[in-house]
Structures are given as C-alpha cells and as structure tokens.
Amino acid sequence: MTKELEGLVHIDALGARLEGSLTIPKHAEGIVLFAHGSGSSRKSPRNNFVAEILHASCLATLLIDLLTRDEDRSYETRFDIDLLSDRLVSATRWLAEEDSTKGLVVGYFGASTGAAAALQASISAAVPIGAIVSRGGRPDLAEPCLSKVKAPTLLVVGAKDEIVLGLNKKAYAMLNAPKDLVVVPGATHLFEEQGTLEAVADLAASWFKKYLHPVTV
C-alpha cells in the first residue's frame, strides 16, 4: 500500500483548534473520520490499528481530537454529545473544503461516546455521510436523532460487553437507515481479546468499502 499523503493537520472548530492525523493512500475513494471515546485520543492504539487496516483497503483516514487538552480533563465535557457532534461537523466541513480530501466520500468511525457524536453529526454534516461504524459505542446517547440517521450504520459490540450490547440493541431498533448489528464472540468492551479487534477492523473495512463510493450522475 502506497501512501499519497500523511501528516498532522489543524482544524478550526467553533473557536477551538483541533489536531488530527491525516493519511491518504493512493487511489482512495473514501475517507473515514474517527471519533474516539471519552478519555481516549487520536493516538488510541485501537483506532490506529483499525485505521491501518482501512489504509490497506485504500481508504483514507482522519483521526482527530475533538476536545482540547483542557476540555478533555472535564468529565462533563467528555460526555457533551452536542459539543462533540458540532466539532465533528466542523471537521467534516474541513474535509469537504480541503483540496486533498474534498473529492472523497466521508464515513464516520465512532467508539464509545464518539459513536453517539457520529450518529448525531451525520444528520447536519456539511456533506452526505456515506456510512457509519460504531465500535463498542453508545448510540443510545444520540437517541433523539437515531430515527433521522440516513447513513448506513454498522454497530459492532463485544458479546461479553452485556450492558452496552443491550443499549445497542435498543438503539438498533430505532435506526431507519440500512443497518446491521454484529456481536463479536468472546469480546469485552475494549476488544482486547486475541483476534477480536482484528474482527472489528475487517468488519469496518468491508462496511466502508461497500458504501464509500463517489456518487455518479
């Protein structure tokens, strides 16, 4: 896999300056914007592992910190889905305007609270969102918006993450978009068990490859 572009980017979002890691493989048609969970960052080893699998599938990625360092110290801010969603919309607008990415169909990959932010942001994003994947996410935190989501949505949950699995099942029933719910056997919330994160990455790559194609007229 040959990378066409890779580096650190800065995005102005509602008065905050956000840092992100942008990678664009050659021949990429889509780009996946990662929204990490509370207490994590764009340097999350789990999200970076998934990103590498997406690169091998010729998908670009942008892993971004939706909160500044000071904001991330606050428990309340970490769970402010409206704020996280607004920041994600700003990052999406940046992708739509940046020369290197504006031709790429955008997808969202959300973990934990980032999944709720992704679902909510997809409704008001600057461009149509091609697909969403949630890893151990909390889609229930975006409950008022779930019926309005249009992007094909894949919910991936560990079989041993019982509380979150229950919340995902309820959220799944509220989604009207093309959807799927996959339970990974033997996996807990962080998918730390052998082979489970690989399963998430493969599922995500297949979902995004299916839906992140340029619209032809």
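Checked against (1) open to solvent by less than 50 Å² (accessible area, probe 1.4 Å); (2) touching a residue at least 60 places away in the same chain (Cβ under 8 Å); (3) among the hydrophobic types (A, V, I, L, M, F, W, C), residue 149 meets all criteria but (2). Scan segment 173-189 for residues that are part of a loop (DSSP other than H, G, I, E, B) and buried (at least 18 other Cβ atoms within 10 Å of the Cβ) and the total you get is 3. Looking only at segment 91-112, how many residues end up being under 18 Å from residue 151 (Cβ atoms) and part of a helix (DSSP H, G or I)? Residues that pass the stated criteria total 5.
Does residue 127 satisfy being touching a helix residue (DSSP H, G or I) at 6+ places or on another chain (Cβ under 9 Å) and open to solvent by 30 Å² or more (accessible area, probe 1.4 Å)? Yes: the conditions hold for residue 127.
As an exercise: evaluate residue 100 against (1) farther than 28 Å from residue 196 by Cα; (2) modelled with pLDDT under 90; (3) small (Gly, Ala, Ser) and give the number of the one condition it does not meet. Evaluating residue 100 over (1) farther than 28 Å from residue 196 by Cα; (2) modelled with pLDDT under 90; (3) small (Gly, Ala, Ser) leaves (2) as the failure. Within segment 96-117, residues that are among the basic types (Lys, Arg) have Cβ atoms under 6 Å from residues that are part of a helix (DSSP H, G or I) in these pairs: 102/96, counting only partners at least 6 apart in sequence or on another chain.
This table checks each residue for (1) closer than 24 Å to residue 48 by Cβ; (2) touching a residue at least 24 places away in the same chain (Cβ under 8 Å); (3) touching a strand residue (DSSP E or B) at 6+ places or on another chain (Cβ under 9 Å).
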residue: 166; (1), (2), (3): no, no, no
residue: 170; (1), (2), (3): no, yes, no
residue: 173; (1), (2), (3): no, no, no
residue: 178; (1), (2), (3): no, yes, yes
residue: 190; (1), (2), (3): yes, yes, yes
residue: 207; (1), (2), (3): yes, yes, yes
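Only one entry of 197, 165 meets the criterion of being of a type in the set (A, V, I, L, M) and either exposed (fewer than 15 other Cβ atoms within 10 Å of the Cβ) or more than 20 Å from residue 141 (Cα to Cα) (or both), and that entry is 197. Cβ-Cβ distances below 6 Å connect the following pairs, each with a first residue in segment 74-85 that is farther than 15 Å from residue 13 by Cα and modelled with pLDDT of 65 or more, a second residue that is among the acidic types (Asp, Glu) and surrounded by fewer than 19 Cβ atoms within 10 Å (Cβ to Cβ), and a separation of six or more residues or different chains: 77/71.
The values are calculated or read from the model by the stated rules, or taken from the named source; none is laboratory data. Predicted model only: the values in this text are computed from it and were never measured. In this analysis, Cβ positions are derived from the backbone assuming ideal geometry, glycine residues included, and neighbour counts consider all displayed protein chains. Side chains included, ligands, DNA and RNA excluded: accessible areas come from the protein's heavy atoms. Shrake-Rupley method; radii C 1.70, N 1.55, O 1.52, S 1.80 Å.
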